[in-house]
1. Output the 0 to 90 degree angle, nearest 10, between the alpha-carbon long axis of helix 123-135 and the longest principal axis computed from the alpha carbons of the chain.
2. Let's test this: bin the Cα-Cα distances of the chain at 10 Å from zero up to the farthest pair and state each bin's percent.
3. In degrees, nearest 10, range 0 to 90: what is the angle between the Cα axis of helix 47-56 and the longest Cα principal axis of the chain?
4. In Å³ and rounded to a whole number, note down the convex hull volume per residue for the Cα atoms of the range 166-272.
5. Within a 10 angstrom radius of the beta carbon, how do 88, 256 rank from fewest other beta carbons to most?
6. Which of 179, 324 comes first, and how do the rest follow, when ranked by fewest Cβ neighbours within 10 Å?
7. Please return the longest range in the chain lying between exposed loop sites, taking trypsin sites (Lys or Arg not before Pro), DSSP loop only, at most 15 other beta-carbon atoms within 10 Å, and leaving the sites out.
8. Between the range 239-262 and the range 292-334, what is the separation of their alpha carbon centroids in Å?
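Just so it is clear, none of the values below were taken in a lab; they were calculated from the coordinates. This one's a predicted model, so the numbers in the text were calculated from it and none came from an experiment. Neighbour counts are summed over all protein chains in view; Cβ atoms, including those assigned to glycine, are modelled from backbone coordinates with ideal geometry.
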Amino acid sequence: MQRSTITASEPDENGHWGKFGGRYVPETLVAPLDGLTKEFTRARQDPDFWREFDQRLRDYCGRPTPLFHAHRLTAHAARAQVYLKREDLCHTGSHKINNAVGQALLARRMGKHRIVAETGAGQHGVATTTVCGMFGLQCIIYMGAEDMQRQALNVFRMRLLGAEVIPVNAGTRTLKDAINETLRDWVTNVHDTYYLLGSALGPHPYPLLVREFQRVIGREAREQILSAAGKLPRALIACVGGGSNSIGLFHPFIGDPSVRLVGVEAGGRADSLGQHAARFHSAAASGGGCVGVLHGTMSYVLQNEDGQIANTHSISAGLDYAAIGPEHAYLHDGGRAEYIRASDGEALEGFRLCAELEGIIPALESSHAIIPAIRIARELPQSDAIIVNLSGRGDKDVQLVAELN
């Protein structure tokens with residue numbers, strides 16, 4: 001692959017990475033988004049804000065998370081050393097808590113006491129509900145009815161933690177539709193409500209602020225791999241739905257051209273449109289994505305010939321989304337990051353392999369990165385290292401996997 005000249009990745013003042021990103025919203029959301037942008041800009045320059053953020057991540061969320069040398073996965077690959085960044089060990093079981101803490105602090109600064117959020121796999125919903133409990137905020141979670149069925153454990157956890165979980169029966173009854181309903185709620189109740197968006201997508205400033213709260217993953221991983229291996233990794237591999245766990249890992253390494261950045265999309269069960277959630281699948285193919293707008297941002301979007309948003313499929317609810325975050329689109333088109341696919345079957349294989357060889361049950365989302373990582377490790381010498389972002393734990397998925405046996 002030809003190496004890119006991209007050494008930094010920052011949006012302009014309007015939230016554009018090149019042609020991607022921006023703010024494509026109804027007029028009723030312009031003022032709330034302007035207010036959020038101004039508050040985040042102030043917070044970003046406030047040492048006290050980051051001091052509290054870091055303290056909450058340390059004392060409440062359990063950071064730093066370990067970088068684990070996966071000896072048996074390494075032996076299975078029989079080449080490069082495989083390391084797992086253990087975001088599954090965060091409080092609530094995934095990287096989602098990092099962003100939830102940061103945005104809850106913003107909501108508090110803005111005087112908002114009612115939080116609305118969308119969720120697919122349920123991990124963002126659980127993380128949001130948890131931080132609302134910590135800060136004493138009212139919490140309403142929108143979740144597609146289809147996702148509620150396959151993630152029943154997380155629905156119970158959210159309700160146990162005090163959230164009102166509202167099923168969404170419109171459309172495909174998955175993440176896209178949950179985001180639509182959350183936006184409608186926010187527009188209606190913007191005077192006292194904060195929308196705590198869960199991934200690095202949506203209108204500006206959300207892709208930027210979510211990335212900033214997730215960059216802790218890559219900052220820690222960089223320090224940890226230098227300590228463990230004495231040099232930078234040859235590759236970073238992470239699953240990509242909206243893209244928050246992956247951009248959080250990738251961003252601190254963008255200026256290191258020797259480090260491959262590899263995002264793994266949901267290849268689903270077939271290549272045809274509606275059977276996968278791979279936005280970077282060749283645009284020339286019948287099932288590929290193309291540039292468009294969804295939920296307020298310009299990026300690669302799966303759409304039909306009439307420009308309507310296409311149905312998607314993934315065995316993992318968290319990757320079952322028609323668009324990808326705009327910064328990923330920028331890194332893709334600039335050649336700095338590469339994006340590949342893993343099928344449902346490969347995700348299940350990675351799920352079982354990680355459990356059997358390392359005693360770690362990964363989320364089905366994270367499982368998409370395991371088999372591609374093994375393939376990449378086999379291309380490299382034994383002296384090199386790669387890092388796989390284990391973005392969440394798999395207890396939420398055990399029942400689903402059991403039913404597929």
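1. That helix lies at roughly 50 degrees to the long axis.
2. All Cα pairs considered, the percentages come to 5, 25, 36, 26, 7, 0.
3. Taking the Cα atoms of the chain, the angle to 47-56 is about 70 degrees.
4. In the range 166-272, the Cα hull volume divided by residue count equals 156 Å³.
5. Exposure proxy ranking, most exposed first: 256, 88.
6. 179, 324
7. 20-230
8. If you average the Cα positions of each part, the centres end up 18 Å apart.
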